[in-house]
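*Asks:* Please read through the structure below; I'll follow up with questions.
The values are calculated or read from the model by the stated rules, or taken from the named source; none is laboratory data. Note that this is a predicted model, so its numbers are computed, not measured. For neighbour counting, all protein chains shown are included, and Cβ atoms are generated from backbone atoms with ideal geometry for every residue, glycine included. Each accessible area value is taken on the protein alone, full model and side chains, heavy atoms only, with ligands, DNA and RNA left out. Shrake-Rupley method; radii C 1.70, N 1.55, O 1.52, S 1.80 Å.
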Amino acid sequence: MAGVEAGKEEEATAVRITGKSHVKPGKLIGRKECQLVTFDLPYLAFYYNQKLLFYKNDGGGEFEDKVEKLKEGLRVVLEEFYQLGGKLGKDDDGVLRVDYDDDMDGVEVVEAVAEGITVDELTGDDGTSSFKELIPFNGVLNLEGLHRPLLSIQLTKLKDGVAMGCAFNHAVLDGTSTWHFMSSWAQICNGTSSSVVVPPFLDRTTARNTRVKLDLSPVVSCNGDDATKQGQPAPQMREKLFRFSEAAVDKIKSRVNSTPPPSDGSKPFSTFQSLAVHIWRHVSQARNLKPEDYTVFTVFADCRKRVDPPMPDSYFGNLIQAIFTATAAGLLLENPPSFGASVIQKAIESHDAKAIDERNKAWEAAPKIFQFKDAGVNCVAVGSSPRFKVYEVDFGWGKPVGVRSGSNNRFDGMVYLYQGKSGGRSIDAEITMEAQAMEKLEKDKEFLMEV
């Protein structure tokens, strides 16, 4: 009987695909080609960037009506964001680009049903395994955009709501462009506007115009964990969402700013720098690092206003760079938090137009496709941003109840920061760590701000 019950339970939470279609721009665009630039190319061996938004059934009609409304809005928004309806391609010299033509398939839209799953079940704080089937393109490399859609969207009917799982090709766009697209699409669907209010700035060669020919053979062979390849079992990872209320964020910031930083000219620390050092210190503690162990902090920083000349916020593409900094765990943990915050602040502030240009020139001279193990030893790597207005993405049936990242692009120490659901200055942090260290982190009252 137990087996029968388990079978029923599995069936209740199963996700069943009911249809697949493609959506193209609502008007003819013609043939368009846009070269990928130095800011885009390093991410070819990352996986598709997955986001999951879930909504309660608060008006908006039946599931089928919502799907049609979303497709109609998608046709309109793709008239400006048509690159997402294209494919990766190469020119005669082997330089990668985004190709669009009217006879291409467009954006993939998958429809699915999971009527045993409620919205509340998806709002828990644990990992992504519970909603893996709600997001397309698990384990798909960005390089596969040569023959797959650059955007795939899965719309799943839940017991009491809708899940929207999106997979964006990360070699084509970053987080800023992703949420620009999502908010533009939502505004069209909810009737705020009939066309895209702020069109994307599509000429990415304005930011960098060096033509780089890549050897892609290492990308094909690098997919997989080194430990697994050498016959060792990969360490078990866990993911968890930690919610920092506005009061907790303010307390962390004032605590970091309460001890004067080293006399090195540091300015007051921002909310980001304060929360970043809070996470870096407590993750390092949970990992039981020795004082002499090095630990790396990495942030994927938006460079739109750092480059010279600056680019508009609407620049469509990747205009991010990984900023790395490192220190010994002993120094990080034995000094007050202002020490680590100062290390982070200096790394971020020194990453100006000159540093960006030097990094690009060095990469162009010896192109290297990033892999996660390149993030650094004992690393904490921060992606996404609480500045993205993810809870404003309302398609006409209310704001999302939750916004999460999928299981792609996660490794030990990866952190995704989001605007907190409770609004204001609250911040949600999705953290991936080895299971043993995660167990310590989730019991750390100082980290959770329960002290």
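*Asks:* Along Cα→Cβ, 7 Å out, is where each label goes; now give me the distance between the ones at ASP93 and ASP203 in nm to one decimal.
*Replies:* The two pseudo-label positions are separated by 1.9 nm.
*Asks:* Using a probe radius of 1.4 Å on heavy atoms only, what accessible surface per residue do you get for segment 79-138? Whole Å² is fine.
*Replies:* So segment 79-138 comes to 37 Å² accessible per residue, rounded to a whole number.
*Asks:* For segment 336-451, what proportion of DSSP beta bridges, expressed in % and rounded to the nearest 5, is antiparallel? Present the calculation step by step, with values, prior to reporting the outcome.
*Replies:* Working: 5 of 8 bridges.
Roughly 60 percent of the beta bridges in segment 336-451 run antiparallel, per DSSP.
*Asks:* Go through segment 205-214 residue by residue and turn each phi into a ³J(HN,Hα) via Karplus (6.51, -1.76, 1.60, θ = phi - 60°); whole Hz please, and just put x for glycine and proline.
*Replies:* 5, 5, 7, 6, 10, 6, 8, 10, 8, 9
*Asks:* Consider a paramagnetic label point 7 Å from the Cα of VAL377 along Cα→Cβ; state which residues of segment 285-312 have an amide N under 19 Å from it.
*Replies:* 285-299
*Asks:* Something else about it: Looking at the P(r) of segment 295-451, how many percent of alpha-carbon pairs lie beyond 27 Å?
*Replies:* 33
*Asks:* Also, quick follow-up: Regarding segment 312-367, what are the three Cα extents along the principal axes, ordered largest first, in Å?
*Replies:* Principal-axis extents of the Cα atoms in segment 312-367, largest first: 41, 29, 17 Å.
*Asks:* Leaving out ligands and nucleic acids, note down the accessible area per residue over segment 261-355 with a 1.4 angstrom probe, in whole Å². Walk me through the numbers before you get to the answer.
*Replies:* On the way: 3850 Å² over 95 residues.
Per-residue accessible area for segment 261-355 comes out at 41 Å².
*Asks:* Here's something else I'd like to know. Could you tell me which residue out of THR325, ALA276, ILE348 lies farthest along the dipole of segment 257-376 toward its positive end? Charges go on the beta carbon: Lys and Arg +1, Asp and Glu -1, centred on the Cα centre.
*Replies:* So the residue we want is ALA276.
*Asks:* Using a 1.4 Å probe and counting only protein heavy atoms, arrange SER130, SER422 so the residue with the most accessible area comes first.
*Replies:* The ranking, largest first, comes out as SER422, SER130.
*Asks:* Over the chain, what is the relative contact order in whole percent, taking alpha-carbon pairs under 8 Å and six or more residues apart?
*Replies:* So the answer I get is 22 percent.
*Asks:* For segment 54-180, what ratio Rg/Rh do Cα atoms give with a Kirkwood hydrodynamic radius?
*Replies:* Result: Rg/Rh = 1.01.
*Asks:* How many Å³ per residue does the convex hull of the Cα positions in segment 53-125 occupy?
*Replies:* Value for segment 53-125: 156 Å³ per residue.
*Asks:* Taking LYS66 as the anchor, which lysines have their alpha carbon closer than 21 Å to its alpha carbon, excluding any fewer than eight residues away along the same chain?
*Replies:* Straight-line reach from LYS66, under 21 Å: LYS20, LYS24, LYS51, LYS56, LYS157, LYS159, LYS399.
*Asks:* For segment 15-43 and segment 173-200, write down the distance between their C-alpha centroids in whole Å.
*Replies:* 15
*Asks:* Summing -39500 (n - 2.57) over the DSSP H runs of n ≥ 4 in the chain and dividing by its residue number, what mean residue ellipticity at 222 nm do you reach, to the nearest 500 deg cm²/dmol?
*Replies:* Values: 13 runs with 126 residues, N = 451.
Using -39500 (n - 2.57) per qualifying helix, the result is -8000 deg cm²/dmol.
*Asks:* Also, I was wondering about something else. Compute the projected area of the convex hull of the Cα atoms of segment 102-147, averaged over all viewing directions, and report it in nm² to one decimal place.
*Replies:* 4.9
*Asks:* Would you mind pulling out the separation of the Cα centroids of segment 104-129 and segment 267-328, in Å?
*Replies:* Distance between centres, Cα-based: 30 Å.
*Asks:* For the chain, which whole-number percentage of the solvent-accessible area (1.4 Å probe, protein heavy atoms only) is attributable to carbon and sulfur atoms?
*Replies:* 50
*Asks:* Using 0.36 nm per residue of separation minus the Cα-Cα distance, give me the extension gain between ASP126 and LEU331 in nm, one decimal.
*Replies:* This chain segment gains 70.7 nm when fully extended.
*Asks:* How large is Rg over Rh for the chain, taking Rg from the Cα atoms and Rh as the Kirkwood inverse mean of 1/r across Cα pairs?
*Replies:* Details: Rg = 22.1 Å, Rh = 23.1 Å.
Using Cα coordinates only, the ratio equals 0.96.
*Asks:* Where does segment 399-451 land on the Kirkwood hydrodynamic radius, alpha-carbon pairs, in angstrom?
*Replies:* For segment 399-451, the Kirkwood estimate is 12.7 Å.
*Asks:* Cβ neighbours within 10 Å, averaged per peptide: list 153-159, 267-273 in order, most packed at the top.
*Replies:* Result, highest mean first: 153-159, 267-273.
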